[in-house]
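Provided herewith is a single structure, encoded as structure tokens, for subsequent inquiry.
What follows draws every value from the coordinates through simple rules; no lab data is involved. These numbers come from a predicted model, not from an experiment. With ideal geometry, Cβ positions are generated from the backbone for all residues, glycine too; neighbour counts draw on all protein chains shown.
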Amino acid sequence: MIRKYGWIAGLLLLAAACRPEIKGELGPQYDLSKGLQGTWSLNAVEVEDRSFPTFTTQSFTDYFQQNAVSISFQTESQTYTVTGPEKGHPFGKGGDFAFDDPQYPSQIILYQDKDTATLQLGNMVREIDPAMTLLDMKSACGETYARYTYQFERVQN
């Protein structure tokens, strides 16, 4: 019995000794809230219907290519403005925004005149990232019945 565990311990020590040594530095830590700064163009919209046993997805990208929408975020003042039609998306015409957790955000809350929209961050963008995804989950009775995916491309910082 002791031999068996000794052999396993030897293998674990051998495996730990074979790990490569980390060289170099990780680089600067990004302020994730500042990555949102700038203007973003909405370039794809999909709706995933989850109300049936088999999820179905429909694209509304053609509509938004004909009716262009862009969002400009100002991170210092935590405000945003929307250019383009105000209907067909949860962004309204603009307002204030906040993150659910400033250090490790998973959601962005958009405060408009009379409405509030809470969207999940498909990815939290850094200042160098060219794309951003926001997800709008629709639920009733504790069940998600639809997921709206809004994909943006950075126009300018």
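For the pair residue 120/residue 23, report the inter-label distance in nm, with labels modelled 7 Å from Cα in the Cβ direction.
Rounded to a tenth, the inter-label distance reads 4.1 nm.
Which lysines does residue 114 reach when only Cα atoms under 30 Å apart count, and residues fewer than 8 places away in its own chain are ignored?
Candidates past the 8-residue exclusion: 34, 87, 93, 138.
Could you calculate the contour length gain from residue 66 to residue 51, that is, 0.36 nm times the residue separation minus the distance between their Cα atoms, to one decimal place in nm? The partial results should precede the final answer.
Numbers: separation 15, 0.36 × 15 = 5.40 nm, distance 2.87 nm.
Net length gain for the segment: 2.5 nm.
Which shape class applies to segment 33-90: rounded if a/c is under 1.5, otherwise prolate when a/b exceeds b/c and oblate if not, where a ≥ b ≥ c are the square roots of the Cα gyration tensor eigenvalues? Intermediate values should be presented prior to the final figure.
Details: a/c = 2.96, a/b = 1.83, b/c = 1.62.
Cα axes put segment 33-90 in the prolate bin.
Let me ask you something else. What size of dipole, in debye to the nearest 20, comes out for segment 77-157 about its Cα centre when the only charges are +1 on Lys and Arg C-beta atoms and -1 on Asp and Glu C-beta atoms? Intermediate results must be reported in sequence, preceding the final value.
Working: 7 positive and 11 negative charges, 40 e Å.
Approximately 200 debye in magnitude.
On to the next question. Output ³J(HN,Hα) for segment 115-127: one whole-Hz value per residue in order, computed from phi by the Karplus curve 6.51 cos²θ - 1.76 cosθ + 1.60 with θ = phi - 60°, and x for Gly and Pro.
10, 10, 10, 10, 10, 7, 8, x, 8, 9, 8, 9, 4
I've got another one for you. With the crude spin-label approximation of a point 7 Å out along Cα→Cβ, what separation in nm comes out for residue 100 versus residue 129?
About 1.6 nm separates the two model spin labels.
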